[in-house]
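So the structure is just underneath, and the comments pick up after that.
The values are calculated or read from the model by the stated rules, or taken from the named source; none is laboratory data. Bear in mind the structure is a predicted one, so any value in this text is a computation, not a measurement. Glycine gets a Cβ as well: all are built from the backbone with ideal geometry, and neighbour counts include every protein chain shown.
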Amino acid sequence: MEPEPDLRQVPEWSVTEMKARAASAQEIAASVRGQAERARAAARLLARAGSAEKNRALEGMAKALEARTADILAANRRDLERHGISLSEAARDRLRLEDKGVRAMAAALREVAVLPDPVGEVTRMWRRPNGLEVGRVRIPLGVIAMIYESRPDVTAGAAGLCLKSGNAVLLRGGSEAFESNRAIAGCLQEALRASGLPEAAVQTLERGEREAVDALLKLEGLVDVVIPRGGENLIRSVLEKSRIPVLRHAKGVCHVYVDDTADLDMAESICMNAKVQRPGVCNAMETMLVDRAIAPRFLPRMLRRFAEAGVELRGCEETRKYLGTAKPATEEDWGAEYLDKILAVRVVGGLEAAIEHIARYGSAHTEAIVTRDHARARRFLREVDSSVVLVNASTRFNDGGQLGLGAEIGISTSKIHAFGPMGLEELTTTKFIVYGNGQVRE
C-alpha cells in the first residue's frame, strides 16, 4: 500500500486540487451506488412481475420510441456533430441513427414481448428414492451492468431483454453516444412509469466521468454481473478492474475458410456479405482463408471484387501473387479486429491448416466454412472452438435476432454461463426446488 502523501510538503494550490478531486470521486461513487441500490430494489419487484405485465411494458416502450423519434434523432445529431469528426467511417456508422433505426429498435422490443418468458420455467424434475421431488427452475440474474461503446440501439435492446427476463439493468454507453442513449432511456423509463413497473429497472449512469465506471465495477453485492461490449481496450479494462463476474463480449476476429470443393459463386457471395455488408460490427469477417488448390480460380475474381468495393487488402505472399496492390500482411494482421473495410487474406494448405490458423489467431467468436464436402463440414463444426460455427453461410448470422433468440444483449466469447449470442434464457440462471412430505435426513 502506498503511503499517504505528506500534505505539508505539497504546494497549497495542489492540496486544494487533491482535496477537490477526492471529494469529486466520493460524490461520483455515492451517485453510482445510489443508482445501484435503486436497481437492486427494482430487480426484486421485477422478479415477481408476470409475463403480461412485462409484455405491456415492452409494448409501451416500443410506442414511446416511435412517438419520440424526432427527439431521439435530434439527440443523435448532436452526438454526431460533437464527436463524428473524430470517428472513423465505421464508428460513425455504429453511432448514426435514422428513422428506420428507431423503428428497428421498437420492432425488436415487440419481438421480445412475444417470446416465451423464461422466468419460472421448470427445466427438469426428478424423484429421489426417499420420495423427495427435486427440480430446477429459471430465475433472473438480478442486476446487470451493461458497459458498451457507440451503438445507441444497444440501449433499447439490452433494456428490453433485461426487463423480459426479470432483471434490472444499469446502462453505461460511450461518451460519443451520451445524448442518444439518454433520449432513448428517457422513453423507456416513461413507459415503465405508465405500466406500473419500477422506473429504476432501466437506468443510464447519471455521471459521465470515467470514474463512474470504476465505481460501478466495485459494487459486488449490488450488481450481479457485468457485460461489456466494445473494443479490446474496454474489455481488458473491465476484466482488470471488476470485482463482479464478467460475461465478456471479446473482439470478433472472424474467419471464412473457402475449401477446395466450394461452389465459387456461393463462396464469393458469402465472403462479400461477411466483409462488406456492414464491416464495423463484431461478426464481420476479418480474415479470409483460401485452400491453395482453389486459389488460382477463386482469388483473382474475389480480390478484384473486394478492391472494387473499397476494401483494403492485406495478404500473405501467395495472395499478393494474385493482386499485387495488396499490402503485405504482418503477424499482427492475423489477430486484428479491423471493424472497417480492411481484410487479411491467407492461402492455406487445406482444412487442417485452416483449423490450426483459427485456433491460433481466432477470438472464439464466429467462423465459417464454404464447402461441398459433408465430412469436412462436420469436422469443421466439431473441431473449431468458437461461439458460432457456420457451414455455407455468412458470419453475419451470429446475431440473436438472426438465430431466433429475438434481440441479444451481446455475444459471449467465454464459456462460463453462456457461449454465443445471449438472449432471454442466457439472462437467467436456475435454482433447485425440492418438494417433500416430511422427510428428514438420517
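Listed here are the residues, each with its yes/no results for (1) surrounded by fewer than 14 Cβ atoms within 10 Å (Cβ to Cβ); (2) of a type in the set (S, T, N, Q); (3) closer than 19 Å to Leu58 by Cβ.
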{"residue": "Arg396", "(1), (2), (3)": "no, no, no"}
{"residue": "Leu405", "(1), (2), (3)": "no, no, yes"}
{"residue": "Glu408", "(1), (2), (3)": "no, no, yes"}
{"residue": "Tyr435", "(1), (2), (3)": "yes, no, no"}
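Checked against (1) part of a strand (DSSP E or B); (2) of a type outside the set (Ser, Thr, Tyr); (3) at pLDDT below 95, Cys282 passes all but condition (1).
Give segment 408-420 a look and list any residue that's within 8 Å of the chain's Cα centre (by Cα) and either assigned by TED's automatic domain parsing to the domain that holds Gly160 or on the phi > 0 side of the Ramachandran plot (or both), or say none. Across segment 408-420, the qualifying residue is only Gly410.
The condition (being among the basic types (Lys, Arg) and not assigned by TED's automatic domain parsing to the domain that holds Thr428) is satisfied by just one residue among Lys218, Lys275: Lys275. Figure legend. Inter-residue proximity from segment 268-288: first residues over 17 Å from Gln402 (Cβ atoms), second residues among the hydroxyl-bearing types (Ser, Thr, Tyr), beta-carbon distance below 7 Å, spacing 6+ or different chains. Indicated pairs: Glu286/Tyr338. Just one of the numbered conditions (1) more than 23 Å from Arg236 (Cα to Cα); (2) surrounded by 15 or more Cβ atoms within 10 Å (Cβ to Cβ) is not true of Tyr361; which one? Failed condition: (1). For segment 178-260, the strands (runs of 3 or more DSSP E) that sit wholly inside it and include 3 or more residues that are not polar (S, T, N, Q) are 225-229, 254-258.
A single entry from Val112, Val119 fulfils the requirement of being within 22 Å of Val143 (Cα to Cα), in a helix (DSSP H, G or I), within 23 Å of the chain's Cα centre (by Cα) and not basic (Lys, Arg): Val112.
What do you reckon, is Gly131 surrounded by fewer than 24 Cβ atoms within 10 Å (Cβ to Cβ), touching a residue at least 24 places away in the same chain (Cβ under 8 Å) and not hydroxyl-bearing (Ser, Thr, Tyr)? It is true that Gly131 is surrounded by fewer than 24 Cβ atoms within 10 Å (Cβ to Cβ), touching a residue at least 24 places away in the same chain (Cβ under 8 Å) and not hydroxyl-bearing (Ser, Thr, Tyr).
Can Val258 be described as on the phi < 0 side of the Ramachandran plot, touching a Cys at 6+ places or on another chain (Cβ under 9 Å), at pLDDT 95 or above and outside the structural domain of Lys54 (by TED's automatic domain parsing)? Spelling it out, Val258 is indeed on the phi < 0 side of the Ramachandran plot, touching a Cys at 6+ places or on another chain (Cβ under 9 Å), at pLDDT 95 or above and outside the structural domain of Lys54 (by TED's automatic domain parsing).
Going through (1) in the same structural domain as Arg278 (by TED's automatic domain parsing); (2) under 30 Å from Ala106 (Cα atoms); (3) touching an Asp or Glu at 6+ places or on another chain (Cβ under 6 Å) one by one, Val384 falls short only on (2).
Taken over segment 324-347, the criterion of being out of contact with any Pro (no Cβ under 8 Å at 6 or more places or on another chain) and among the aromatic types (Phe, Trp, Tyr) is satisfied by Trp334 alone. Going through (1) buried (at least 22 other Cβ atoms within 10 Å of the Cβ); (2) not assigned by TED's automatic domain parsing to the domain that holds Gln35 one by one, Ser269 falls short only on (1).
Selection of first residues in segment 418-439 that are more than 30 Å from Arg110 (Cα to Cα) and of second residues that are surrounded by 12 or more Cβ atoms within 10 Å (Cβ to Cβ) and of a type in the set (Gly, Ala, Ser), restricted to Cβ pairs under 6 Å at least 6 apart or on distinct chains, gives the following pairs, ordered by first then second residue: Ile433/Gly135.
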